[in-house]
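The values are calculated or read from the model by the stated rules, or taken from the named source; none is laboratory data. Here the structure is a predicted model, which is why all the values come from computation and not from measurement. Note that each Cβ is placed from the backbone with ideal geometry, even for glycine, and that neighbours are counted across all protein chains shown. The accessibility values were calculated without ligands, DNA or RNA, using every heavy atom of the protein model including side chains. Shrake-Rupley method; radii C 1.70, N 1.55, O 1.52, S 1.80 Å.
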Amino acid sequence: MAHRIGYLVGSLSSDSINRVLSKALVRLAPDGLELTEIPIRDLPLYNRDDEGDLAAPIVAFKQAVEQSDGLLFVSPEYNRSIPAPLKNAIDWGSRPWGQNSFARKPTGIIGASIGSIGTAVMQSSMRGVLSFLDAPQLNAPEAYITFDPEVYGDDGAVHDSSTEEFLRHYMEEYAAFVERVLSSALPGHVGDSDPDVMH
Ligand code: FNR
């Protein structure tokens with residue numbers, strides 16, 4: 001059975017290199033994955049005052065995360081950290097307390113940068129956030145992409161065979177990881193594992 005994977009693009013830019021990367025990943029994903037974008041653009045800025053009556057885009061976002069079998073984050077690095085729109089989406093998805101939408105979701109993190117370390121610091125920050133949210137992560141392979149515009153077509157084509165093979169391998173490893181996590185999942189409560197740390 002195919003697994004439904006929601007992917008989040010951490011950039012709102014119309015010419016985002018990470019959106020281009022996401023198209024390549026969709027093309028190269030193995031047959032067992034169905035990838036659908038979970039948009040983050042329309043989410044308001046997180047405000048605890050608004051938790052009592054969640055706006056429609058927040059409800060839709062949380063439902064999309066919860067209905068996904070796994071999540072893939074495709075994001076730039078901003079100032080050596082997680083871009084604000086993506087962190088904002090994660091903060092909404094983690095709330096209200098006790099309704100953490102990310103719990104137990106198998107996740108992958110990948111990102112493209114124009115810089116030479118290819119979003120490594122953002123990814124390191126993401127790992128801390130996702131650990132706190134009880135979301136298992138693909139540890140290896142890591143994927144730090146220094147974006148070369150010559151290599152990627154806007155439609156997701158990859159014009160370099162070693163890059164194509166690297167990305168295909170990443171998606172195969174991610175698919176195997178999702179399968180491992182889902183097949184070992186025990187029935188029971190999905191939510192916040194330790195109430196003391198979520199207040
Ligand atoms: C950047 N960029 C960047 N690159 C990087 O490798 N490390 C960083 O810390 C930053 N910081 C940063 C902050 C801000 C506010 C911007 C706008 C950009 C450059 C970044 O890699 C480049 O703009 C990418 O094109 C961003 O990805 P998208 O938006 O094209 O997907």
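Of note:
- Sites matching trypsin sites (Lys or Arg not before Pro) across region 65-104 that sit in DSSP coil, with at most 13 neighbouring C-beta atoms within 10 Å: ARG80
- If you model region 1-83 as an ellipsoid using its alpha carbon gyration tensor, with each semi-axis the square root of five times an eigenvalue, the axes come out at 24, 19, 9 Å, biggest first.
- Each of PRO106, PRO76, ILE5 was placed along the dipole of the chain (beta-carbon charges, centred on the mean Cα), and the one lying farthest toward the positive end is PRO106.
- Put simply, when 50-60, 158-168 are sorted by average Cβ atoms within 10 angstrom per residue, most first, you get 158-168, 50-60.
- Relative frequency of Cα-Cα separations exceeding 32 Å in the chain, percent: 12
- Here the chain is assigned +1 on the Cβ of each Lys and Arg and -1 on the Cβ of each Asp and Glu. Its dipole about the Cα centre then comes out at about 240 debye.
- Region 124-145 and region 1-71: distance between their alpha carbon centers, rounded to Å: 16
- Three-way shape call for region 73-142 based on the alpha-carbon gyration tensor, with the a/c threshold at 1.5: oblate
- Our helix-only sum for the chain, with -39,500 (n - 2.57) per DSSP H run of n ≥ 4 divided by its residues, gives a mean residue ellipticity at 222 nm of -11000 deg cm²/dmol.
- For region 43-109, the solvent-accessible area of protein heavy atoms averages 43 Å² per residue (probe radius 1.4 Å; ligands and nucleic acids excluded).
- Rounded percent of accessible protein surface that carbon and sulfur make up, region 51-122, 1.4 Å probe: 52
- Prolate/oblate/rounded label for region 1-49 (Cα gyration tensor, a/c 1.5): oblate
- Remark: the GLU34-GLU179 segment gains 50.9 nm on full extension, using 0.36 nm per residue and subtracting the alpha carbon distance.
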